[in-house]
Amino acid sequence: MSHVSHADLGGQPGHGSVLAEPEGELFHAAWEPQVLALTLAMGASGAWNIDQSRSARESLPDYASLSYYEIWFAALKALLAERGLVAPDEAAAGRSLHPPRPVPRVLRAADVSAALAKGSPTLRTMDAPARFGVGERVRTRSGQMQQHTRLPGYARGKFGTIEAVHGPHVFADAHAQGLGEAPQWLYCVAFDGRELWGAASAPGLSVTLDAWESYLESA
């Protein structure tokens, strides 16, 4: 089934100006911290992984009309429903009506600070050497991706230069599909703004993008 990312908005006109908010202004409504807490707790449960969570958010058909935490909440409800962790009558009632289904892990209140400090590192080890080196010219894959991907549309089929080699990392595209971590080498690729935006680019603009090895080919 084709994956449509409604979050792939980079480089698209018509979305208005980016409005800066005051530093430290984290939430705009009292329910938003609760959605953040629920999302983090369920992510820590192992019922799904972080890339499946991102895919659920970016696949929402009404993505563009929702606020930031409305997107998180809608995706959380979808993931819970898909896995049978919340039944339709429970969602309607707003409370538990059935015995809970087991999850791999439970994040206890006393463990939250340590869990957040630890994070979820994605660096892995691989026997295969990196295909590309710093300074090498590459071209990104072009065309529509048929699954969740971290390669934005505006950078597909574009020429750039390897600026750094980050090492092998969990491959988000495979991870989002439940196909395992499938680690690949991850690179920082620098693009001239004119390569991405043409004549509309600001003079001297350079854009860097982290890209997995399967996104790239030799230029």
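Quick notes on this structure:
- Convex hull per residue volume in Å³, alpha carbons only, for the range 92-219: 212 Å³
- Placing dummy labels 7 Å off each Cα toward the beta-carbon, the span from THR208 to SER120 is 2.5 nm.
- The simple spin-label model puts a point 7 Å past each Cα toward its Cβ; for VAL112 and LEU19 those points are separated by 3.0 nm.
- The stretch between ALA41 and LEU26, if pulled fully straight at 0.36 nm per residue, gains 3.5 nm over its current Cα-Cα span.
- Sum of side-chain charges, LEU38 neighbourhood, beta-carbon under 12 Å (Lys, Arg +1; Asp, Glu -1): 0
- Counted residue by residue at 0.36 nm each, then reduced by the alpha carbon distance between them, the extension gain from SER201 to GLN34 reaches 56.1 nm.
- Per residue, the convex hull volume that the Cα atoms of the range 47-145 enclose (Å³): 219 Å³
- Projecting the Cα atoms of TYR63, VAL18, GLY94 onto the dipole axis of the range 1-105, where Lys and Arg carry +1 and Asp and Glu carry -1 at the beta carbon, places GLY94 farthest toward the positive end.
- Both numbers refer to the Cα atoms of the range 125-184; Rg and Dmax are 12.8, 34 Å.
- Given in Å, the Rg to one decimal and the Dmax to the nearest whole number for the Cα atoms of the chain are 19.9, 61.
- Calculated [θ] (222 nm, deg cm²/dmol) that DSSP helices of n ≥ 4 give over the chain, each run adding -39,500 (n - 2.57): -8000 deg cm²/dmol
- Cα gyration tensor shape of the range 1-40, rounded if a/c is under 1.5, else prolate or oblate by comparing a/b with b/c: oblate
- Taking 7 Å steps out from each Cα toward its Cβ at TYR68 and VAL134 produces label points 3.3 nm apart.
- Top positive-direction residue, dipole computed over the range 116-215 with Cβ charges, set VAL207, PHE132, TYR154: TYR154
- In the frame of its principal axes, the range 57-103 has Cα extents of 35, 21, 15 Å, reported largest first.
- Estimated vicinal HN-Hα couplings, Hz - the range 206-218 in sequence order (Karplus 6.51, -1.76, 1.60; Gly, Pro = x): 10, 10, 10, 9, 7, 9, 6, 4, 5, 7, 10, 9, 5
- In the range 1-80, the ratio of gyration radius to Kirkwood radius, Rg to Rh, stands at 0.99 when only Cα atoms are counted.
- Long hydrophobic helices in the chain, taken as whole DSSP H segments with a C-alpha length of 15 Å or more on their own axis and mean Kyte-Doolittle hydropathy at least 0.0: 32-45, 68-82.
- The charge dipole of the range 74-219, taken about its Cα centre with unit charges on the Cβ atoms of Lys, Arg (+1), Asp and Glu (-1) only, comes to about 260 debye.
Taken together, the values in this text are just the output of simple stated rules run on the coordinates, not laboratory data. Small disclaimer: the values here were computed from a predicted structure and weren't measured. No Cβ is skipped: glycine too gets one built from the backbone with ideal geometry, and neighbour counts run over all protein chains shown.
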